[in-house]
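Novice: Shown below is the structure under consideration.
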Amino acid sequence: MIFVTGPRFSYKRQYIMKELSLDEITASKECIFDAEELVRERMTEKELTELADRLSEKRAVTANETGCGVVPVDKDERLFREQAGRLSVMLAERAERVIRVVCGLGQVLK
C-alpha cells in the first residue's frame, strides 16, 4: 500500500491517480481517499488498529494532515485530530511507501 499525506487541497488524489495510472472509477475501487474522515466517531485503540489493517489492504490511501494549525477549542474536534493522527501513524507503519504531497509535488518519506 502507498500512503499519501499532506495538507488539504494539495492534489493528493490527483497525484496518486497519476502515479498509479488510474482513472476515477478504478481509483474509487482500489484506493481510499481522506481516510481521516473514517475516525469522526470515538474509536478504541483496537478499532483504530483494525481500521488501519483493513485500509492497508488497499492499493493506496490518502489522509489530510491534521496536526498543523490552531488546536481546536472543541473537545470532540481535538479527539478527532488525535485519532486521525494515530491512524496516519499506523498507516505509515504498514505502508510500502509514504509520500507527502504539497502543491501537487510528492516527497517520498519512506
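Coordinate-derived values only; no laboratory data. Just so you know, these numbers come straight off a predicted model, no measurement behind them. No Cβ is skipped: glycine too gets one built from the backbone with ideal geometry, and neighbour counts run over all protein chains shown.
Novice: Just the residues that are within 13 Å of the chain's Cα centre (by Cα) and of a type in the set (Phe, Trp, Tyr), please, taken from region 12-35.
Specialist: Start the filter on region 12-35 by keeping residues that are within 13 Å of the chain's Cα centre (by Cα), which leaves 12-13, 16, 31-35.
Listed by number, the list holds a single entry, PHE33.
Novice: Is region 83-96 home to any residue that is assigned to a loop (DSSP other than H, G, I, E, B) and either of a type outside the set (S, T, N, Q) or in contact with a strand residue (DSSP E or B) (Cβ under 8 Å, 6 or more places away or on another chain) (or both)? Working first, answer last.
Specialist: Applying the first criterion (assigned to a loop (DSSP other than H, G, I, E, B)) to region 83-96 yields 95-96.
Narrowing further to those that are either of a type outside the set (S, T, N, Q) or in contact with a strand residue (DSSP E or B) (Cβ under 8 Å, 6 or more places away or on another chain) (or both): 95-96.
There is at least one residue in region 83-96 that is assigned to a loop (DSSP other than H, G, I, E, B) and either of a type outside the set (S, T, N, Q) or in contact with a strand residue (DSSP E or B) (Cβ under 8 Å, 6 or more places away or on another chain) (or both).
Novice: Just checking, how many residues over region 16-26 are surrounded by fewer than 18 Cβ atoms within 10 Å (Cβ to Cβ) and outside any loop (DSSP other than H, G, I, E, B)?
Specialist: Qualifying residue count for the region: 5.
Novice: Could you check region 55-75 and list, in sequence order, the residues that are within 14 Å of the chain's Cα centre (by Cα) and surrounded by 12 or more Cβ atoms within 10 Å (Cβ to Cβ)?
Specialist: Step one: filter region 55-75 for residues within 14 Å of the chain's Cα centre (by Cα), giving 55-67.
Selection gives LEU55, SER56, LYS58, ARG59, ALA60, VAL61, THR62, ALA63, ASN64, GLU65, THR66.
A quick yes/no check of all residues on (1) under 30 Å from SER21 (Cα atoms); (2) surrounded by fewer than 17 Cβ atoms within 10 Å (Cβ to Cβ); (3) of a type in the set (Lys, Arg):
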{"position": "PHE33", "(1), (2), (3)": "yes, no, no"}
{"position": "VAL39", "(1), (2), (3)": "yes, no, no"}
{"position": "MET43", "(1), (2), (3)": "no, no, no"}
{"position": "LYS46", "(1), (2), (3)": "no, yes, yes"}
{"position": "ASP53", "(1), (2), (3)": "yes, yes, no"}
{"position": "ARG78", "(1), (2), (3)": "no, yes, yes"}
{"position": "GLN83", "(1), (2), (3)": "no, no, no"}
{"position": "VAL102", "(1), (2), (3)": "yes, yes, no"}
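Each row is one residue, and each column tells you yes or no for (1) free of Cβ contacts under 8 Å to residues at least 60 places away in the same chain; (2) outside any helix (DSSP H, G or I).
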{"site": "VAL4", "(1), (2)": "no, yes"}
{"site": "GLN14", "(1), (2)": "no, no"}
{"site": "MET43", "(1), (2)": "yes, yes"}
{"site": "LYS46", "(1), (2)": "yes, no"}
{"site": "LEU51", "(1), (2)": "yes, no"}
{"site": "GLU57", "(1), (2)": "yes, yes"}
{"site": "GLY69", "(1), (2)": "yes, yes"}
{"site": "GLU77", "(1), (2)": "yes, no"}
{"site": "ARG100", "(1), (2)": "no, yes"}
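Novice: So how many residues does region 79-98 have that are over 13 Å from the mean Cα position of the chain (by Cα) and either touching a residue at least 40 places away in the same chain (Cβ under 8 Å) or under 11 Å from ALA35 (Cβ atoms) (or both)? Spell out the reasoning first.
Specialist: Residues of region 79-98 over 13 Å from the mean Cα position of the chain (by Cα): 79-80, 82, 96.
Cutting the leftovers down to either touching a residue at least 40 places away in the same chain (Cβ under 8 Å) or under 11 Å from ALA35 (Cβ atoms) (or both) gives us 80, 96.
Total satisfying the criteria: 2.
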